[in-house]
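One structure is given here, and the rest of the page talks about it.
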Amino acid sequence: MKDMFFMSAFGWHLLLPDQLVLLLESLLEEKTLCLRTLQCLEKTYHLDEQDAEVRHRWCELVVKHKYTTRYADIEKFLKEDQAMGVYLYGELMVNEDAKQQELAYKCFAATQKQMDVSSAKVVAEMLF
């Protein structure tokens with residue numbers, strides 16, 4: 001609770017997109033984050049409504065920490081930002097988590113025909 005007071009008292013909720021990217025990148029370096037921290041980040045910064053760079057980092061955090069209630073954010077990102085999503089497919093597969101792999105297969109099946117040929121080939125090689 002003290003952390004949330006500090007964040008709101010000092011205007012941390014007013015970060016610019018580039019600042020949010022830096023924050024999220026630094027959090028990606030942490031080995032673990034508790035669920036409450038991820039929830040506070042989403043609530044404070046409305047991460048699913050930010051630009052593609054911020055949403056990409058957010059999706060990386062969701063994958064890394066298996067924040068299953070926000071897997072819809074990953075699905076939306078992979079469908080709407082296909083060029084930037086190629087790396088996320090790899091992240092979804094490398095953890096060998098059945099739910100994450102299922103999400104990767106589902107998203108690829110839904111977007112494969114809209115993807116450019118080279119991206120689709122790279123993703124297909126990761127998945128199969």
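On inspection, residue 78 passes the criterion of being under 12 Å from the mean Cα position of the chain (by Cα), hydrophobic (A, V, I, L, M, F, W, C) and under 23 Å from residue 108 (Cβ atoms).
Considering only residues in region 19-43 that are surrounded by fewer than 12 Cβ atoms within 10 Å (Cβ to Cβ) and of a type in the set (Ser, Thr, Tyr), the one that is farthest from residue 87 (Cα to Cα) turns out to be 32.
Of all residues in region 47-74, those that are of a type in the set (Asp, Glu) and under 11 Å from residue 92 (Cα atoms) total 1. Across region 44-65, not a single residue is classified as without any contact (Cβ under 8 Å) to a residue 24 or more places away in the chain and surrounded by 12 or more Cβ atoms within 10 Å (Cβ to Cβ). Annotation note: of 83, 98, 120, the sole residue that is at pLDDT 95 or above and either farther than 18 Å from residue 38 by Cα or surrounded by fewer than 18 Cβ atoms within 10 Å (Cβ to Cβ) (or both) is 98. Within region 45-84, being in a helix (DSSP H, G or I) and of a type in the set (S, T, N, Q) holds for 68, 69, 82. Within region 64-76, identify whether any single residue is at pLDDT 95 or above and among the hydrophobic types (A, V, I, L, M, F, W, C), and answer yes or no. Yes - at least one qualifying residue is present in region 64-76.
The values are calculated or read from the model by the stated rules, or taken from the named source; none is laboratory data. Only a predicted model underlies this, so the values are computations on that prediction, with no experimental measurement involved. Here the Cβ is made from the backbone with ideal geometry for all residues, glycine too, and neighbour counts use every protein chain on show.
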